[in-house]
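Participant: Quick one: the structure is below, and I'll ask about it shortly.
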Amino acid sequence: MLRLTLDRLYKAGLVLASVSMVLICLLMTMQIVGRWFGLIVPSVEDFVGYFLASATFFALAYSFRHNSHIRVTFLTRQVKGVAQRYVELFNLTALLILVGFITYAVGGFVLETYEFEDVSTGYIAVPLWMPQSVMLAGLALFFIAVLDDWVAALLKRKPSYVTAQEAGEAAVE
């Protein structure tokens with residue numbers, strides 16, 4: 001039940017990232033066609049930037065779980081057996097701490113932006129906590145994905161990206 005829920009959550013992040021990419025294309029197309037007719041769509045550049053951040057951060061968890069991130073595997077390939085498991089666990093622990101810290105820091109930044117009522121400087125004044133919250137949600141989802149694999153490694157199971165690599169998914173070395 002939990003596995004199914006987590007997998008659906010990661011796929012939802014991928015869907016949101018994909019929708020963000022489609023919205024970027026639509027906004028850019030509107031801007032191009034609008035220029036042919038002398039129309040300017042206000043703040044398109046701002047919204048494209050927000051959707052780019054959305055696409056980037058919402059895709060982190062799914063791409064991590066499916067071995068689409070660039071991994072430096074020089075050390076993990078040099079060791080085998082129990083040693084390899086400990087190296088993998090160490091790497092996941094370091095990543096978990098790093099992503100946890102970044103998520104916490106971005107959360108504080110979003111809260112500060114909300115409290116100060118910061119808005120964008122474009123034609124359309126957008127409260128900046130809104131697009132920053134999307135970034136925070138993507139980071140939180142990535143943290144959950146790393147935690148998921150960290151627990152798997154702790155329980156002596158293969159992390160998802162190793163399973164994905166063995167299955168031939170998006171291996172980048």
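The values are calculated or read from the model by the stated rules, or taken from the named source; none is laboratory data. Predicted model, so just to flag it, every value in this text is computed and none were measured. Here the Cβ positions follow ideal geometry from the backbone for every residue, glycine too, while neighbour counts run over all protein chains shown.
One line per residue, one yes/no per condition, for (1) more than 22 Å from ASP148 (Cβ to Cβ); (2) surrounded by 15 or more Cβ atoms within 10 Å (Cβ to Cβ); (3) within 22 Å of the chain's Cα centre (by Cα):
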{"site": "VAL44", "(1), (2), (3)": "yes, yes, no"}
{"site": "GLN78", "(1), (2), (3)": "yes, no, no"}
{"site": "ARG85", "(1), (2), (3)": "no, yes, no"}
{"site": "LEU95", "(1), (2), (3)": "no, yes, yes"}
{"site": "TYR104", "(1), (2), (3)": "no, no, yes"}
{"site": "GLY107", "(1), (2), (3)": "no, yes, yes"}
{"site": "LEU111", "(1), (2), (3)": "yes, no, yes"}
{"site": "MET130", "(1), (2), (3)": "yes, no, yes"}
{"site": "VAL134", "(1), (2), (3)": "no, yes, yes"}
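Participant: For segment 48-67, what are the residues that are free of Cβ contacts under 8 Å to residues at least 60 places away in the same chain, surrounded by 19 or more Cβ atoms within 10 Å (Cβ to Cβ) and farther than 26 Å from TRP150 by Cβ?
Facilitator: Hit for segment 48-67 is PHE51, nothing else.
Participant: Give me the residue from segment 1-42 that is under 21 Å from LEU136 (Cβ atoms) and of a type in the set (Val, Ile, Thr) and, out of that set, surrounded by the fewest Cβ atoms within 10 Å (Cβ to Cβ). Please lay out each step first, then the result.
Facilitator: Applying the first criterion (under 21 Å from LEU136 (Cβ atoms)) to segment 1-42 yields 5-6, 8-21, 23-24.
This time we only want the ones that are of a type in the set (Val, Ile, Thr), so: 5, 15, 19, 24.
Numbers: THR5: 9, VAL15: 12, VAL19: 14, ILE24: 19.
The residue in question is THR5.
Let's see how each residue does on (1) on the phi > 0 side of the Ramachandran plot; (2) modelled with pLDDT under 95:
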residue: PHE37; (1), (2): no, yes
residue: SER43; (1), (2): yes, yes
residue: PHE47; (1), (2): no, no
residue: LEU52; (1), (2): no, no
residue: THR56; (1), (2): no, no
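Participant: Next question. From the list ILE144, ILE97, pick out the single residue that is of a type outside the set (S, T, N, Q), within 18 Å of SER54 (Cβ to Cβ) and modelled with pLDDT of 95 or more. Spell out the reasoning first.
Facilitator: Numbers: ILE97 fails: within 18 Å of SER54 (Cβ to Cβ).
On inspection, the qualifying residue turns out to be ILE144.
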